[in-house]
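The values are calculated or read from the model by the stated rules, or taken from the named source; none is laboratory data. These figures come from a predicted structure and were not determined experimentally. Neighbour counts are summed over all protein chains in view; Cβ atoms, including those assigned to glycine, are modelled from backbone coordinates with ideal geometry. Heavy atoms of the whole protein, side chains included, go into the accessibility calculation; ligands, DNA and RNA do not. Shrake-Rupley method; radii C 1.70, N 1.55, O 1.52, S 1.80 Å.
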Amino acid sequence: MMLSYETVLTTCTYCGCGCGFLLEVLDGEVVGTLPQKDHPVNEGGLCIKGWNAHEFIHDQSRLKRPLMKKDGALKEVSWDEALNEVSSRLRKIKDEYGPDSIGGLASAKCTNEENYLFQKWIRAVVGTNNVDHCARL
Amino acid sequence: MSRLLRDKEVSAILGLRMSHGHPIPYVFVDPEALKDWTVDEINRYPLTKVLIKIAKKHPDLVIGIPVRGCEERSLTELFKNHQLKPDKVKVFGIVCSQELANRCRCEKPYPSSVEEGEKAKPVEDFSDVKKIESLPEEERFRYWMDQFGKCIKCYGCRNVCPACFCPTCTLEDRSLIKPGGMPPEIPIFHLHKAYHMADRCIDCGLCEEACPMGIPVRRLYRKVRKTVKDLFGYVPGEAMDQKGPLEFLGDGSYEVPGAGKIRVSDSGTGPGFE
């Protein structure tokens with residue numbers, strides 16, 4: 001088999017520090033993490049989560065498609081069906097109990113821009129200031 | 001190097017390539033790709049450790065690798081401990097700049113044979129160890145306890161170490177190190193590593209560079225290295241035909257441990273080559 005090995009520069013998704021690391025890709029499979037030596041944030045160091053950040057990528061139990069509970073069991077559904085369900089239920093709650101009955105928790109696993117978009121959506125679309133971030137929990 | 005790849009003397013070369021302005025590890029298979037080849041004058045990645053991972057998956061390939069003085073010492077240990085096969089590794093000696101040698105306080109900033117470049121002057125600076133040695137015992141103990149207390153148990157010093165390869169790591173042994181405990185039990189956690197590396201540490205200093213808490217772990221390992229040298233006249237990484245003093249039973253003057261049992265590991269490192 002032909003050998004291929006490369007490292008890919010990327011940013012840790014675990015918290016807001018934004019440490020730089022390299023994902024080691026051996027024959028198309030992500031097999032390890034190396035701290036980026038010349039990154040201004042972590043300067044060649046990582047915490048235990050960063051060192052093991054590659055592990056979830058190929059994990060068997062990783063959620064890859066939307067699942068919906070039907071008749072007591074999780075079933076794979078299309079994105080359209082899942083999103084329609086979420087939006088119609090949120091709308092129903094908002095109409096019945098008001099926008100402040102809804103809150104949103106953003107994630108450090110998303111980018112800065114995605115988090116900005118999320119709080120904008122919670123404030124402008126849902127209509128509440130109930131928005132926070134997992135790094136503050 | 002391009003010729004070696006073209007003539008199939010090596011199947012691939014593990015080195016660094018420039019990617020988005022950063023020199024990062026890469027395996028060159030296509031001679032054309034060598035145009036992105038680069039050498040980092042400042043930062044060192046644990047390339048020999050990366051090589052173990054690659055060689056385990058591709059045991060039949062001959063892989064080329066540029067080696068600095070420290071990386072050559074690392075390879076010596078990895079060959080001796082059957083983690084890599086000498087006939088499957090083709091080394092190209094490279095020199096370190098004087099700046100890097102000074103920064104690393106490196107006793108041998110060049111490998112035994114050098115392809116090109118001028119050798120930097122060796123730096124013999126053990127002032128860090130001497131300084132600690134000169135402190136009264138109580139103060140010395142407090143110093144280390146303060147340092148170890150900073151540990152966030154990232155295992156970075158172990159992960160980056162180019163002489164660490166055990167399939168089962170004693171630092172993950174539940175009976176010795178409590179899982180989930182934070183900070184790790186001190187000083188046991190750090191002394192375990194120091195003891196285990198006593199006859200393998202090649203004094204590259206990558207562990208200290210990888211420590212996010214700035215614990216001077218290299219200072220500790222240098223002291224242990226010195227102790228092993230003074231006691232047994234053994235320097236890890238120096239000679240292929242010398243066994244580490246912790247690898248065989250001596251003349252009986254040291255205590256012999258009881259029979260042990262090797263546990264089968266579920267970690268990715270796997271057992272070594274035979």
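Relative to the current alpha-carbon distance between B:T170 and B:H20, full extension at 0.36 nm per residue lengthens the span by 50.2 nm. Excluding same-chain neighbours fewer than eight residues apart, the lysines reachable from B:K193 by a Cα-Cα span under 19 Å are B:K49, B:K150, B:K153, B:K178, B:K223, B:K226, B:K229. In straight-distance terms, cross-link reach from A:K75 covers every one of the lysines whose alpha-carbon lies under 27 Å from its own, apart from those fewer than eight places away in the same chain; here that gives A:K64, A:K92, A:K94, A:K109.
Once the C-beta distance of B:I188 and A:V41 is scaled by a Förster radius of 30 Å, the resulting FRET efficiency is 0.45 to the nearest 0.05. Overall shape of the range B:95-188 was characterised from the C-alpha gyration tensor. The equivalent ellipsoid obtained from it has semi-axes of 33, 22, 10 Å, in decreasing order. Using the Karplus relation 6.51 cos²θ - 1.76 cosθ + 1.60 with θ = phi - 60°, the per-residue 3J(HN,Hα) values for the range A:80-86 come to 4, 5, 5, 5, 4, 4, 4 Hz, with x marking Gly and Pro. For the range B:115-241, the orientation-averaged shadow of the C-alpha convex hull comes to 10.1 nm² (one quarter of the hull surface). Considered as an equivalent ellipsoid built on the Cα gyration tensor, the range A:67-111 has semi-axes of 22, 18, 10 Å, the largest given first.
The solvent-accessible area of B:L176, taken with every protein chain present and a 1.4 Å probe, is close to 70 Å². Expressed in nm to one decimal, what extension gain is obtained for the pair B:E99 and B:K8 from 0.36 nm per residue of sequence separation less their Cα-Cα distance? Result: 29.2 nm gained on full extension. In vacuo Debye scattering of the range B:1-68, one point per C-alpha: log10 I(q)/I(0) at q = 0.14, 0.16, 0.22, 0.26 Å⁻¹? Taking Cα atoms of the range B:1-68 as identical point scatterers yields -0.40, -0.52, -0.96, -1.24. Volume per residue for the range B:7-122 equals 111 cubic angstrom (convex hull of Cα atoms). The coefficient of translational diffusion for chain B, derived via Stokes-Einstein from the alpha carbon Kirkwood radius under 10 °C and 1.306 mPa s, stands at 79 µm²/s. Label-to-label distance for B:K85 and A:T10 is 3.3 nm, based on points extended 7 Å past Cα in the beta-carbon direction. When a/c is below 1.5 the answer is rounded, else prolate if a/b is larger than b/c, else oblate, so apply that to the protein assembly as shown with a ≥ b ≥ c taken from the square roots of the Cα gyration tensor eigenvalues. Judged from the Cα gyration tensor, the protein assembly as shown comes out prolate (a/c at least 1.5, a/b above b/c).
The distance between label points at B:L246 and B:E138 comes to 3.1 nm (points 7 Å beyond Cα on the Cα→Cβ vector). Evaluating kT/(6 pi eta Rh) at 25 °C and 0.890 mPa s, with the Kirkwood radius of the range A:42-137 over Cα pairs in the Stokes-Einstein relation, gives 150 µm² s⁻¹. Choose one answer from A:D71, A:D38, A:D27: the residue with the largest mean-square fluctuation in a GNM of chain A with alpha-carbon springs under 10 Å. Between A:D71, A:D38, A:D27, it is A:D71 that shows the largest mean-square fluctuation.
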